[in-house]
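Here's the structure we're looking at; comments come further down.
The values are calculated or read from the model by the stated rules, or taken from the named source; none is laboratory data. As the structure is a computational prediction, the values presented were derived from the model and not from experiment. All Cβ positions, even for glycine, are placed from backbone atoms using ideal geometry, and neighbour counts span all protein chains on display. These area figures cover heavy atoms from the full protein model, side chains too; ligands, DNA and RNA do not enter into them. Shrake-Rupley method; radii C 1.70, N 1.55, O 1.52, S 1.80 Å.
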Amino acid sequence: MDQPKVIMSLMFFTMSLAFYFLATAFYIGYWLTRKDWMGQAGTSLTYVAGFSMTMILIFRAVESGHAPFSNLYESMVLFIWAVTIGYLWMERKYKFKVLGAFVMTVASLAMVSAWLLPFRFKNIEPLNPALQSKWNFLVKILEPLGLEKYAIGWLDFHVFATFIGYAAFAISFAVAIMYIIKIRYEARSKKSFLFDSFPPSKVLDELSYITIAWGFPFLTVGIVTGAIWANYAWGTYWSWDPKETWSLITWLVYAAYLHARVTRGWRGKKAAYISIAGFLAVIFLYWGVSFILPGLHAYA
Amino acid sequence: MSSLWKLLYSLKFTIFVIMTIALVSIIGTVVEQGRDAAWYAMEYSDRWVDIILKLKLDDMYHSPWFTGLLILLVVNIIACTIERFPPKWRVLLRKVDKVDTGIIDKLSHRDTFNLNKNTSEFKSTLIALFTKRGYKVKADDVSGGGIALYAWRGIIGRFGSDVTHVSLLLILLGAIIGSFAGYKDFKAVYVDTSFSVPDSDFEIRLDKFWIEYYDTGQIRQYNSNLTVIEDGKDLFTKHIWVNEPLFYKGIRFYQSSYGKAWDRVAEAELTLASKGVTKKIYEPIVIKWDELTSIPGSPYSVRMIGYLADFAYDYQNENFYTKSGDPNNPAANIVVYDSSGEQIATTWLLLNHPDLLGPIPGTTDHLYLTGYRPTHYSGLSINKDPGTNIVWLGSTIMGIGFIFAFFIYHKRIWLSVEVQEDGINTVKVGGIINKNQLSFDKEFDGLVAQLKLEAGVAETLQDNEED
């Protein structure tokens, strides 16, 4: 059995790892010292890291001959990529560089966990029958060009949408933690060098909401396209498999968040705690279910 | 009664129900679902088995108490909709008769500046400006030469939550219809055999089953060719594989598994050998299942009527059976005919024990089973679920609801021009958005900057309109 060629993507992964560490270090440095050049360096490195992650995805697609969303390692890359793009977009729009210290820490931790995966997770496995979900019309269009193996289907949409959702929730989680810290200092109305540079709690609450307002529809699209795929592959759109159930649990937690935010006595702090609980549910849904609970999703 | 009703439509109750469903759902991911009582007895202590079976935790998502929680959610959604939707509809879609700009002083986004322009000219500028920004505008002339203006956009965003709630009810309705009017079944089908589909008026025949492999030996795909037969006629044939089912008359047929048959083979290879005075080994012949085949150069014809993968003899019941599904001791049941078509023997030929059963009776000719090609069965899942399309409809509507709720904001601007006694006209403008305050800060500042420009109090547009 000849080894699949994953050299290029692994090389970019190693480089990305360094970029994430450096970007995080500069963002934290910026937060601790408030030196502008550190913030600039953090932002620049995050752009580089985002580009490097894009290259991993492109090379994985070339190396494996299918959309690069088929196992835990590839999905981690997609997740971190989406966190990075989402964060850069937020920084451009709202210009709070101090968020980078928290969001990029989450991204770096995710990079480390992907890096620690054993090699067999990083290698390319041929797709099993259930994972070969391709739209027939696309196969027919691409066949004359000899590119039919690059045809995509519901599965690719399912993974892509789901991980955009997870990424938004990760950003919201980092912001919610900042919110919890910030309101404690606001309540004491004491000066604090570290936390005065945080945006006002009202703004953090808004940012946490905006990211969930992106993540929730994407998670929903992810669940629905997953159901459509399951309906093709397994003959039923919902089978209460642990992964499905946990995705529903996560969905419900964020639904609770959205309702809490418009409820007197629940907005603010309690909503922030729900956002944190929601991301913990995401982590369990993503890693916990795959490694602890048995089920149809056991391969990813 | 009214306090119960208040509870049912309260958001706190919503949060309570949602969180309860989320929390109890965890149980079913920890306790394996759908096993039989014996399995739980093996996995858990007696006390836990008792709890699991009493609370129906073995199939909790279909248990009465879980269904009860879902009903609570449905009741909550319906109560909320009844309570909140009609007044919202009335208020939001009410025709604006008279613009009341008194609200401006209560808004957090507001500004005041002078007007250095003619009022009526300014009014038409305003209408054009707001229309260009996608707002609907109602502008009144106020006695004394002033203007009272109200501009709004994105009302539909306020109905996103209602659309989403209705879509959730639709999805649940689809699930209910599916569980009452549908069924799930499984059939192991051999090539060239057909079966009648439950709850329908047609048959399905398996024409071909095959497996594709990767170079590494891993399975790439399972495939079946299925033909739909109706009123005795072949209607059409479809190639199915995992991820590509056959759909006909509301019933789906999925490739779900496969296996080797233990009681039949596709072909067998037989070898005839004469061990009398003239010794001769004939060319091996391949015979198909249940098909009369003559052995060239000999007076015999043979027919294969049986096969057992793990052949054994049951002395008590005096019959043959297979000890397992694996081909540990393959045996073919062969009927032998002479040249006149007379049946002369029925015998079992064993692949691993060629000389167990002597020659064909009355001759010195021996028949051996020297090979075979197994028959696979194709495992088909059959699923009828008339609720599926309602679930997809609900999902689509949910998507529309999300677009309304998360990406369309209800923005309202009030503007008044007051003619002061000293002849200087002042403009007061205030605005409000239903969500996403952060983006509105910028938009409002940009709007005010543009208004000031039009009012002649600012020379250039400040660069804070950048998004």
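Just checking, which of A:233, A:260 is among the hydrophobic types (A, V, I, L, M, F, W, C), at pLDDT 90 or above and either closer than 23 Å to residue B:20 by Cβ or buried (at least 22 other Cβ atoms within 10 Å of the Cβ) (or both)?
A:260
Scan the range A:145-162 and give yes if some residue there is under 30 Å from residue A:29 (Cβ atoms) and free of Cβ contacts under 8 Å to residues at least 40 places away in the same chain, otherwise no.
No, the conditions are met nowhere in the range A:145-162.
Consider the range B:397-425. How many of its residues are of a type in the set (Val, Ile, Thr), outside any strand (DSSP E or B) and touching a helix residue (DSSP H, G or I) at 6+ places or on another chain (Cβ under 8 Å)?
Counting residues in the range B:397-425 that are of a type in the set (Val, Ile, Thr), outside any strand (DSSP E or B) and touching a helix residue (DSSP H, G or I) at 6+ places or on another chain (Cβ under 8 Å) gives 4.
Being crowded, with 18+ Cβ neighbours inside 10 Å, within 14 Å of chain B (Cβ to nearest Cβ) and within 22 Å of residue A:204 (Cα to Cα) is the filter here, so list the residues in the range A:60-95 that pass it.
Result: A:90, A:91.
With the requirement that a residue be among the charged types (D, E, K, R), under 17 Å from residue B:428 (Cα atoms) and surrounded by 15 or more Cβ atoms within 10 Å (Cβ to Cβ), what does the range B:119-146 give you?
Within the range B:119-146, B:123, B:138, B:140 meet the criteria.
If residue B:411 satisfies every condition in (1) of a type in the set (D, E, K, R); (2) without any contact (Cβ under 8 Å) to a residue 12 or more places away in the chain; (3) open to solvent by less than 60 Å² (accessible area, probe 1.4 Å) but one, which is the exception?
Of everything listed in (1) of a type in the set (D, E, K, R); (2) without any contact (Cβ under 8 Å) to a residue 12 or more places away in the chain; (3) open to solvent by less than 60 Å² (accessible area, probe 1.4 Å), residue B:411 misses just condition (2).
Determine if the range B:13-33 includes at least one residue that is more than 11 Å from chain A (Cβ to nearest Cβ) and surrounded by 15 or more Cβ atoms within 10 Å (Cβ to Cβ).
Scanning the range B:13-33 turns up no residue that is more than 11 Å from chain A (Cβ to nearest Cβ) and surrounded by 15 or more Cβ atoms within 10 Å (Cβ to Cβ).
Exactly one of these conditions fails for residue A:205: (1) outside any loop (DSSP other than H, G, I, E, B); (2) surrounded by fewer than 23 Cβ atoms within 10 Å (Cβ to Cβ). Give me its number.
Evaluating residue A:205 over (1) outside any loop (DSSP other than H, G, I, E, B); (2) surrounded by fewer than 23 Cβ atoms within 10 Å (Cβ to Cβ) leaves (2) as the failure.
Among the residues of the range A:232-251, which ones are hydrophobic (A, V, I, L, M, F, W, C), in contact with a Leu (Cβ under 9 Å, 6 or more places away or on another chain) and either assigned to a helix (DSSP H, G or I) or within 16 Å of residue A:168 (Cα to Cα) (or both)?
A:233, A:246, A:249, A:251
Restricted to the range A:187-230, and to residues that are over 30 Å from residue B:58 (Cα atoms) and among the hydroxyl-bearing types (Ser, Thr, Tyr), which residue is farthest from the other protein chains (Cβ to nearest Cβ)?
Taking the candidates together, the pick is A:192.
In the range A:231-244, what residues are in contact (Cβ under 8 Å) with a residue 24 or more places away in the chain and either of a type in the set (A, V, I, L, M, F, W, C) or at the interface with another protein chain (Cβ under 7 Å from one of its Cβ atoms) (or both)?
Passing the criteria: A:232, A:233, A:234, A:242.
Being among the charged types (D, E, K, R) and under 18 Å from the mean Cα position of the chain (by Cα) is the filter here, so list the residues in the range B:239-281 that pass it.
B:244, B:252
Which residues, counting only those in the range B:187-225, are in a strand (DSSP E or B), within 14 Å of chain A (Cβ to nearest Cβ) and either in contact with a Pro (Cβ under 7 Å, 6 or more places away or on another chain) or not β-branched (Val, Ile, Thr) (or both)?
Those that are in a strand (DSSP E or B), within 14 Å of chain A (Cβ to nearest Cβ) and either in contact with a Pro (Cβ under 7 Å, 6 or more places away or on another chain) or not β-branched (Val, Ile, Thr) (or both): B:187, B:209, B:210, B:212, B:213, B:219, B:220, B:221, B:222, B:223, B:224.
Can you name every residue in the range B:151-168 that is open to solvent by 50 Å² or more (accessible area, probe 1.4 Å) and among the aliphatic types (A, V, I, L, M)?
B:156, B:166
Anything in the range B:232-248 that is in a loop (DSSP other than H, G, I, E, B) and either at pLDDT 90 or above or open to solvent by less than 20 Å² (accessible area, probe 1.4 Å) (or both)? List them, or say none.
Within the range B:232-248, B:242, B:243, B:245 meet the criteria.
Just for the range A:145-182: of the residues that are modelled with pLDDT under 85 and open to solvent by 20 Å² or more (accessible area, probe 1.4 Å), which one is nearest to residue A:277 (Cα to Cα)?
Result: A:152.
Among what's in the range A:247-292 and is of a type in the set (S, T, N, Q) and under 20 Å from residue A:218 (Cα atoms), pick the residue that is farthest from the other protein chains (Cβ to nearest Cβ).
Here the answer is A:275.
Has the range B:253-263 got at least one residue that is modelled with pLDDT of 90 or more, more than 30 Å from residue A:64 (Cβ to Cβ) and within 12 Å of another protein chain (Cβ to nearest Cβ)?
Looking for residues that are modelled with pLDDT of 90 or more, more than 30 Å from residue A:64 (Cβ to Cβ) and within 12 Å of another protein chain (Cβ to nearest Cβ), one finds at least one in the range B:253-263, hence yes.
Can you confirm whether residue B:302 is within 23 Å of residue B:191 (Cα to Cα), in a strand (DSSP E or B) and assigned by TED's automatic domain parsing to the domain that holds residue B:273?
Yes: the conditions hold for residue B:302.
Quick one: residue B:8 ticks every box in (1) free of Cβ contacts under 8 Å to residues at least 60 places away in the same chain; (2) in contact with a helix residue (DSSP H, G or I) (Cβ under 6 Å, 6 or more places away or on another chain); (3) more than 14 Å from every other protein chain (Cβ to nearest Cβ) bar one, so which box is it?
Condition (1) is where residue B:8 drops out.
If you scan the range B:172-186, which residues turn out to be open to solvent by 40 Å² or more (accessible area, probe 1.4 Å), assigned to a helix (DSSP H, G or I) and within 12 Å of another protein chain (Cβ to nearest Cβ)?
Once the filter is applied, which keeps residues that are open to solvent by 40 Å² or more (accessible area, probe 1.4 Å), assigned to a helix (DSSP H, G or I) and within 12 Å of another protein chain (Cβ to nearest Cβ), the range B:172-186 yields B:172, B:175, B:179.
Filter the range B:42-91 down to the residues that are of a type in the set (Phe, Trp, Tyr) and open to solvent by less than 70 Å² (accessible area, probe 1.4 Å), then identify the one that is modelled with the lowest pLDDT.
Going through the qualifying residues, I end up with B:44.
Could you list, in sequence order, the residues of the range A:100-128 that are in contact (Cβ under 8 Å) with a residue 40 or more places away in the chain and either within 13 Å of chain B (Cβ to nearest Cβ) or open to solvent by 50 Å² or more (accessible area, probe 1.4 Å) (or both)?
A:115, A:123, A:124, A:125, A:127, A:128
Which of the residues spanning the range B:372-396 are in contact with a helix residue (DSSP H, G or I) (Cβ under 7 Å, 6 or more places away or on another chain) and either within 30 Å of residue B:285 (Cβ to Cβ) or assigned to a loop (DSSP other than H, G, I, E, B) (or both)?
B:385, B:386, B:387
Listed here are the residues, each with its yes/no results for (1) closer than 30 Å to residue B:180 by Cα; (2) open to solvent by less than 60 Å² (accessible area, probe 1.4 Å); (3) small (Gly, Ala, Ser).
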site: B:312; (1), (2), (3): no, yes, yes
site: B:318; (1), (2), (3): no, no, no
site: B:328; (1), (2), (3): no, no, no
site: B:343; (1), (2), (3): no, no, no
site: B:369; (1), (2), (3): no, yes, no
site: B:404; (1), (2), (3): no, yes, no
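Take the residues in the range B:378-398 that are at the interface with another protein chain (Cβ under 7 Å from one of its Cβ atoms) and not hydrophobic (A, V, I, L, M, F, W, C), then tell me which one is nearest to the chain's Cα centre (by Cα).
Per the criteria, the residue is B:388.
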